[in-house]
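A.B. asks: Handing you a structure now.
The values are calculated or read from the model by the stated rules, or taken from the named source; none is laboratory data. On a predicted model such as this, the values are computed, not experimentally measured, just so you know. No Cβ is skipped: glycine too gets one built from the backbone with ideal geometry, and neighbour counts run over all protein chains shown. We work out accessible area using only protein heavy atoms, side chains counted, and drop any ligands, DNA or RNA first. Shrake-Rupley method; radii C 1.70, N 1.55, O 1.52, S 1.80 Å.
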Amino acid sequence: MRIKKILLSVLALLVLAFGAWWVRAAPSIPVQVAGDQYPLTPPSAAVQKVRSTQDDVALTTKTTPGELPGYDDVVLQEPQGRAWVTAMDGYLWRVDLASGQQERWVKTPLIPSGARADPSNPDVLYFCASRLYGVVHPAGEQPGIYKLHMPSRKIDPVALQVPATTEPPAHERVAAEQGAAYLTPAAMTAANSRPIAFCNDLDISADGRRIYFSEPYASADASMGGGAFNEAIARSRNSRLWLIDLDRGARLVAQGFAFMDGVLIEPGQNGAKEGTLLVTETTNFRLLRLHLAGAQAGSHEVLQDSLPGLPDGLDRDPQGRLWIGLIKERSAVSTWVHNNNWIKPLLVRLPHAMLPVPTRTGLMALSPDGRTPLFLSMHDGHTVPDISVVSAGSKALYPARFKVDSRGFVTMPYPEAMR
């Protein structure tokens, strides 16, 4: 009888200790697990059919030695013989495409990420700047969209505020362009707007007047890298896609999705204004098309789902084919976790170091309309860790590696199947 009482007392203490730990270990920003997400299935037969039997990245990439650290994006300007690189040391770097020489060009606010050259002015570069997990940034620097005038190295803020919104909806919403309400910078106040929390990727209209950018989540401590760990586990619907119209102001384009990341405008026909966007929904392993105008305005369609890795940045090659960086492989463990939501409240309380994170990364190509897989290759992560985007040039690919301690500039020939 005495032993039974002791065992019950020990059990009660363990329950109390677990309860206390459960409360203390809760994330500082509440994480809402999206319980109605679709189940993850194996990659489609069409994707598996085009998977390379070899590690093309390990076998064919070339790293030009240099001091360039890990980077998130590569903006090619082949006619000028240069590339602009958003590096994890907080600098924009210029790379000579002929020699591979790497040069720190200008210090940016926070850490630069997704970037595009202005289609109407090749001397202007627009880029996202956000916090990087684990880095202490100078006080006063704000996430948002910035503009670099390349010759003068002058950086100016373009958008640091967006309209205030309510909590994200329970399901996906796309706002059509027709009848959309814009909020001009002059009209923004503390009551109707808020600071941008996380600017991840962007694209610019052909006339250089409209900038679409992704805000994967908007908590006060939002950051690139490890800061998004809980969002990845929960697949929360906290993401927003914004439009900054330089003539009209800002408006919300889409919300209720899970970690929208890569953004790519699909050009309108016969010079018409863009009517659709391609977006990677990273933690849902999907590629989406958002309809802003036309008969399907206000809707979206899923072009690819259950992808074999976390889709990140998007680019097109000269033939119009889409290239996607798969920053992390979808492992069997992650598939099981996402199909068993009951385990997630525990996982978001554990130290990140306790959870298995895949080292494998990869890249894939799709037909211009995004519907047909053309090529897939997974990489063990040793040569080019964490491929965030694949910038596609006229003769070569340029995978970006989002790992701060890597060095040098990476190029890769087009795989034989894609030549």
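A.B. asks: Given the conditions (1) more than 30 Å from V390 (Cβ to Cβ); (2) in a strand (DSSP E or B); (3) open to solvent by less than 30 Å² (accessible area, probe 1.4 Å), which single one is not true for A180?
C.D. replies: Here A180 clears every test but (2).
A.B. asks: Can you pull out every residue in segment 221-238 that is assigned to a loop (DSSP other than H, G, I, E, B) and either closer than 22 Å to H137 by Cα or open to solvent by less than 10 Å² (accessible area, probe 1.4 Å) (or both)?
C.D. replies: Once the filter is applied, which keeps residues that are assigned to a loop (DSSP other than H, G, I, E, B) and either closer than 22 Å to H137 by Cα or open to solvent by less than 10 Å² (accessible area, probe 1.4 Å) (or both), segment 221-238 yields D221, A222, S223, R235, S236.
A.B. asks: Answer yes or no as to whether A218 is touching a strand residue (DSSP E or B) at 6+ places or on another chain (Cβ under 7 Å), small (G, A, S), closer than 27 Å to Y71 by Cβ and not in a strand (DSSP E or B).
C.D. replies: yes
A.B. asks: Something else about it: Among the residues that make up segment 363-373, is at least one of them assigned to a helix (DSSP H, G or I), over 24 Å from G114 (Cβ atoms) and open to solvent by 60 Å² or more (accessible area, probe 1.4 Å)?
C.D. replies: No, every residue in segment 363-373 fails to be assigned to a helix (DSSP H, G or I), over 24 Å from G114 (Cβ atoms) and open to solvent by 60 Å² or more (accessible area, probe 1.4 Å).
A.B. asks: Could you give me the residue pairs with C-beta distances under 7 Å whose first residue belongs to segment 180-196 and is under 12 Å from A164 (Cα atoms) and touching a residue at least 24 places away in the same chain (Cβ under 8 Å), whose second residue is open to solvent by 40 Å² or more (accessible area, probe 1.4 Å) and not in a loop (DSSP other than H, G, I, E, B) wherever it lies, and which are 6+ apart or on separate chains?
C.D. replies: M188/Q161; S193/Q161; R194/Q161; P195/Q161; I196/Q161
A.B. asks: Here is a follow-up. How about segment 245-261: which of its residues are more than 20 Å from the chain's Cα centre (by Cα) and of a type in the set (A, V, I, L, M, F, W, C)?
C.D. replies: L246, A250
A.B. asks: What are the pairs, 6+ residues apart or on separate chains, where a residue within segment 386-399 that is within 9 Å of L76 (Cα to Cα) has its Cβ under 8 Å from a residue that is modelled with pLDDT under 95 and of a type outside the set (D, E)?
C.D. replies: Close Cβ pairs (under 8 Å, with a partner that is modelled with pLDDT under 95 and of a type outside the set (D, E)) do not exist here.
A.B. asks: In this structure, does E103 turn out to be touching a strand residue (DSSP E or B) at 6+ places or on another chain (Cβ under 9 Å) and not hydroxyl-bearing (S, T, Y)?
C.D. replies: In short, yes.
A.B. asks: Another question, then. Return the residue satisfying two criteria in turn: it lies in segment 249-284 and is touching a residue at least 24 places away in the same chain (Cβ under 8 Å) and β-branched (V, I, T), and of such residues it is farthest from V389 (Cα to Cα).
C.D. replies: V253
A.B. asks: Give me a count of the residues in segment 113-140 that are surrounded by 14 or more Cβ atoms within 10 Å (Cβ to Cβ) and closer than 24 Å to N230 by Cβ.
C.D. replies: Selection size over segment 113-140: 10.
A.B. asks: If you don't mind, there's one more thing I want to ask. Mind listing whichever residues of segment 205-215 are of a type outside the set (V, I, T) and not in a loop (DSSP other than H, G, I, E, B)? Give the steps one after another, and end with the answer.
C.D. replies: Keep residues of segment 205-215 that are of a type outside the set (V, I, T), which gives 205-210, 212-215.
Across segment 205-215, the qualifying residues are R210, Y212, F213, S214, E215.
A.B. asks: Ok, one more. Of the numbered conditions (1) touching a strand residue (DSSP E or B) at 6+ places or on another chain (Cβ under 9 Å); (2) under 30 Å from R104 (Cα atoms); (3) of a type outside the set (F, W, Y); (4) modelled with pLDDT under 95, A228 satisfies every one except a single condition; which is it?
C.D. replies: Exception for A228: condition (1).
A.B. asks: Next question. Could you check segment 246-331 for strands (runs of 3 or more DSSP E) lying wholly inside it with 2 or more residues that are open to solvent by 10 Å² or more (accessible area, probe 1.4 Å) and within 23 Å of A117 (Cα to Cα)?
C.D. replies: 260-266, 309-316
A.B. asks: Among the residues of segment 393-410 satisfying the criterion of being of a type outside the set (D, E, K, R) and surrounded by fewer than 21 Cβ atoms within 10 Å (Cβ to Cβ), which is nearest to the chain's Cα centre (by Cα)?
C.D. replies: V404
A.B. asks: What number of residues within segment 382-419 satisfy the criterion of being of a type in the set (A, V, I, L, M, F, W, C), assigned to a loop (DSSP other than H, G, I, E, B) and farther than 14 Å from K328 by Cα?
C.D. replies: Going through segment 382-419 one residue at a time, the tally reaches 1.
A.B. asks: In the set P138, P151, which member is touching an Asp or Glu at 6+ places or on another chain (Cβ under 7 Å) and free of Cβ contacts under 8 Å to residues at least 60 places away in the same chain?
C.D. replies: P151
A.B. asks: Look at segment 339-362 and say how many of its residues are open to solvent by 60 Å² or more (accessible area, probe 1.4 Å) and under 27 Å from L290 (Cβ atoms).
C.D. replies: Matching residues across segment 339-362 total 1.
A.B. asks: Sort out which residues of segment 180-193 are touching a Pro at 6+ places or on another chain (Cβ under 8 Å) and either over 12 Å from L252 (Cα atoms) or of a type in the set (A, V, I, L, M) (or both), and write them in order of number.
C.D. replies: L183, M188, N192
A.B. asks: Going by the structure shown, is E167 within 26 Å of S299 (Cβ to Cβ), in contact with a Leu (Cβ under 6 Å, 6 or more places away or on another chain), open to solvent by 30 Å² or more (accessible area, probe 1.4 Å) and not aliphatic (A, V, I, L, M)? Reasoning before the result, please.
C.D. replies: On the way: within 26 Å of S299 (Cβ to Cβ): yes; in contact with a Leu (Cβ under 6 Å, 6 or more places away or on another chain): no; open to solvent by 30 Å² or more (accessible area, probe 1.4 Å): yes; not aliphatic (A, V, I, L, M): yes.
Answer is no for this residue.
A.B. asks: Another one. Name the single residue, out of those in segment 75-110 being aliphatic (A, V, I, L, M), under 21 Å from the mean Cα position of the chain (by Cα) and open to solvent by less than 10 Å² (accessible area, probe 1.4 Å), that is farthest from F198 (Cα to Cα). Reasoning before the result, please.
C.D. replies: First, the residues of segment 75-110 that are aliphatic (A, V, I, L, M): 75-76, 83, 85, 87-88, 92, 95, 97-98, 106, 110.
Right, trim to under 21 Å from the mean Cα position of the chain (by Cα) and you get 75-76, 83, 85, 87-88, 92, 110.
If we keep only those that are open to solvent by less than 10 Å² (accessible area, probe 1.4 Å) too, we end up with 83, 85, 87, 92, 110.
Working: A83: 24, V85: 19, A87: 16, L92: 18, L110: 11 Å.
Filtering segment 75-110 for residues that are aliphatic (A, V, I, L, M), under 21 Å from the mean Cα position of the chain (by Cα) and open to solvent by less than 10 Å² (accessible area, probe 1.4 Å), the one farthest from F198 (Cα to Cα) comes out as A83.
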